[in-house]
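Q: Mind having a look at this structure? Questions to follow.
The values are calculated or read from the model by the stated rules, or taken from the named source; none is laboratory data. What you see is a predicted model, and the numbers here were worked out from it, not measured in a lab. For neighbour counting, all protein chains shown are included, and Cβ atoms are generated from backbone atoms with ideal geometry for every residue, glycine included. We work out accessible area using only protein heavy atoms, side chains counted, and drop any ligands, DNA or RNA first. Shrake-Rupley method; radii C 1.70, N 1.55, O 1.52, S 1.80 Å.
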Amino acid sequence: LGVSHNPLEVELSFGEQSRQKGGAYLVDVMVTFPMNRLLLVPRGKEHHGRLSLFVVARDAKGRLSPVSRHPVPIAIPNQQLAHALTQTAGYRFQMALRPGQQEVAVGLWDQLASTNSAVRAELMVGEEPPAQAARRDTSGP
């Protein structure tokens with residue numbers, strides 16, 4: 001969870017938090033990235049990308065969550081490619097987190113380009129209002 005490297009220009013933000021049975025919170029997470037940073041290859045009537053998203057969290061006591069992997073398939077019709085490359089894409093998911101200070105790290109891997117980005121952000125779970133924006137650390141190695 002230390003160093004960030006971000007050639008894919010990934011941004012990480014947090015949304016609503018809802019308390020679950022057992023005391024954990026379900027937190028909405030959004031990962032965004034510009035489409036023009038991805039390698040898209042033509043296949044028939046579409047251009048395709050293959051991304052994988054890896055996510056882990058660490059609490060204030062140093063406890064790590066299991067690393068989760070999310071496949072992020074990309075398929076863009078050929079006639080919409082030029083416009084799509086001017087857009088930002090997003091992937092939304094939810095994480096179960098313990099209350100208190102958390103650091104969330106996200107790695108996005110463009111499998112076709114063999115390029116990856118890693119970013120991290122801190123948030124307070126269970127004590128701040130929903131839709132808090134995360135501080136993004138995009139410092140390099």
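Q: Can you tell me which residue in segment 66-92 is modelled with the lowest pLDDT, limited to those that are part of a strand (DSSP E or B) and over 17 Å from A118 (Cα atoms)?
A: In this case the residue turns out to be P73.
Q: Only residues that are among the charged types (D, E, K, R), touching a residue at least 12 places away in the same chain (Cβ under 8 Å) and in a strand (DSSP E or B): list them for segment 27-53, please.
A: Result: D28, E46, R50.
Q: Further question on the same structure: What's the total number of residues in segment 1-14 that are assigned to a strand (DSSP E or B), of a type outside the set (S, T, Y) and at pLDDT 95 or above? Quick ask: steps written out before the conclusion?
A: Just the residues of segment 1-14 that are assigned to a strand (DSSP E or B), to begin with: 5, 11-14.
Retained after the next criterion (residues that are of a type outside the set (S, T, Y)): 5, 11-12, 14.
Of the ones still in play, those that are also at pLDDT 95 or above are 11-12, 14.
Total meeting the criteria: 3.
Q: Does V56 qualify as being open to solvent by less than 20 Å² (accessible area, probe 1.4 Å), of a type in the set (V, I, T) and in a strand (DSSP E or B)?
A: Taking the combined requirement at face value, the residue does not satisfy it.
Q: Which one is farthest from T115 (Cα to Cα), of the residues in segment 24-53 that are in contact with a helix residue (DSSP H, G or I) (Cβ under 8 Å, 6 or more places away or on another chain) and either of a type in the set (F, W, Y) or open to solvent by 60 Å² or more (accessible area, probe 1.4 Å) (or both)?
A: Among residues in segment 24-53 that are in contact with a helix residue (DSSP H, G or I) (Cβ under 8 Å, 6 or more places away or on another chain) and either of a type in the set (F, W, Y) or open to solvent by 60 Å² or more (accessible area, probe 1.4 Å) (or both), the one farthest from T115 (Cα to Cα) is K45.
Q: Here is a check on your reading of the model: is K21 touching a helix residue (DSSP H, G or I) at 6+ places or on another chain (Cβ under 8 Å) and open to solvent by 70 Å² or more (accessible area, probe 1.4 Å)?
A: no
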